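No value in this document is a laboratory result; all are computed from the given coordinates. In this text the structure is predicted, and so the values were computed from the model without any measurement. Every residue, glycine as well, gets a Cβ built from its backbone with ideal geometry; the counts of neighbours run over all protein chains shown.
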Ligand SMILES: NC(=O)c1ccc[n+]([C@@H]2O[C@H](COP(=O)([O-])OP(=O)(O)OC[C@H]3O[C@@H](n4cnc5c(N)ncnc54)[C@H](OP(=O)(O)O)[C@@H]3O)[C@@H](O)[C@H]2O)c1
């Protein structure tokens, strides 16, 4: 039985801004699980670019540039605390961190006792379970409620999904946000057997997830990545890896694959290359998007869209049940973790600085103090 202290270590976000808005505290009140909730002792919590976007308030319409190292460390002056979040309901102080793997150490009322001691992964999309299809009533764990950059966290019991796998806790913590986002993108883009999918940002968390999950669906993957990371991206499963800033994307794809077009673009990058990504989509092609790390404002020629019968889908809130599917993929070994590095919770600021350099492939994971299995 784990001793549950009244206070815990946590990295607390105190407002939108630079890295100085992250405060490491060792006296944060340990959450107490209410009815229907469980308390999880966090073993590991994966990092995502989303954490940085939320910290710097990148979702504000006042921000017109990508998430780069300078803005990512210092924040943006034009953002106020009221307009920088992806949705509504972000309040400070907030404990971020969505990709939790840990063990259930206490349960509230009306919770199945058999969850006690189980290793779980947190299903990150919060819903009103009396109206689960209503996207307006959805929130994100670690954004609209406190998340896992702490020693303990609480969630509704139905969001604590037991996971049976030989993978280490830190490896399990690489999956949640990247893979659920990627799976939703591929679902929205109706990716299936025989499709050729272009994946920009392929070395990143979502990008490497897109490679694995598109291959799982029987698609061919053309990855774009920084050249130093090309070998690693290929080993994730990409069929072709092209440099991320080609002069002529169409020519590069044709030279590599023998066909100048793709069926699907699965994009979290956007930015200056965006018009070229759209130009390589075949007639009837699908563009599916969940991010714009290289820049949210792009040049869009509507003629390319309608004359080629394209379909464009945004992908953020995932349907109920998809996270359960993801746990199945993990348990059956259909997707592999890409754990680039672990960092101590107290090093989260340094970890974000390193993350912004984009020298790694896959995911960084944060480990709180005293995180061993109870
Ligand atoms: N909608 C959602 O629910 C959702 C969920 C998760 C993430 N996202 C968004 O998706 C994007 C990717 O997230 P992530 O966690 O996968 O990030 P990540 O791990 O940092 O990966 C992003 C990758 O994009 C590539 N890239 C290309 N051009 C870039 C540029 N100008 N600046 C920086 N990187 C560039 C980099 O790879 P190369 O160097 O190899 O090109 C980098 O590895 C972010 O914008 C994130 O906020 C959205």
Of the listed peptides 92-102, 313-323, what is their order by residue-averaged count of other C-beta atoms within 10 Å, with the highest listed first?
92-102, 313-323
What are the extents of the Cα atoms of the stretch 226-276 along their three principal axes, listed from largest to smallest and rounded to whole Å?
27, 26, 20
Express in nm, to one decimal, how much length is gained between residue 92 and residue 4 on full extension, taking 0.36 nm for each residue of separation and deducting their alpha carbon distance.
29.2 nm
Remind me, relative contact order of the stretch 178-314 in percent, using alpha carbon pairs under 8 angstrom and six or more residues apart?
22 percent
Contact order relative to length of the stretch 67-122, as percent, for alpha carbon pairs under 8 angstrom and 6 or more apart
28 percent
Run the simple label-point estimate for residue 77 and residue 372 please: 7 Å along Cα→C-beta, distance reported in nm.
5.1 nm
When the helices in the chain are scored as -39500 (n - 2.57) per DSSP H run of 4 or longer and the sum is shared across all residues, what 222 nm value do you end up with, to the nearest 500 deg cm²/dmol?
-6500 deg cm²/dmol
What do you get for the angle between helix 205-216 and the principal long axis of the chain? Use alpha-carbon atoms, 0 to 90 degrees, nearest ten.
70 degrees
On a full-extension model of 0.36 nm per residue, what is the gain between residue 23 and residue 251, subtracting their alpha-carbon distance, rounded to one decimal in nm?
77.3 nm
With all distinct Cα pairs included, what does the Kirkwood hydrodynamic radius of the stretch 304-348 come out to in Å, to one decimal, could you say?
14.9 Å
Descending principal axes extents, the stretch 178-314, alpha-carbon based, whole Å:
37, 30, 29
Relative to the present Cα-Cα distance, how much length would full extension add between residue 283 and residue 136 at 0.36 nm per residue of separation?
49.6 nm
Quick check on the chain: what does the Kirkwood estimate of hydrodynamic radius come out to from the alpha carbon pairs, in Å?
20.9 Å
Could you compute the FRET efficiency for residue 322 and residue 297, with r as their C-beta to C-beta distance and R0 at 35 Å, rounded to 0.05?
0.75
Where only alpha carbons of the stretch 1-154 are counted, the Rg and the Dmax (Å)
16.3, 50
In degrees from 0 to 90, rounded to the nearest 10, what is the angle of the helix 176-188 Cα long axis to the longest principal axis of the chain?
40 degrees
Cα gyration tensor category, rounded, prolate or oblate, for the stretch 99-233 with a/c compared to 1.5:
prolate
Largest first and rounded to whole Å, the semi-axes √(5λ) derived from the alpha carbon gyration tensor of the stretch 243-317 read 19, 16, 12
Need the C-alpha centroid separation for the stretch 262-282 versus the stretch 203-231, integer Å.
14 Å
Label-point separation, residue 346 to residue 193 (7 Å along Cα→Cβ), nm
5.5 nm
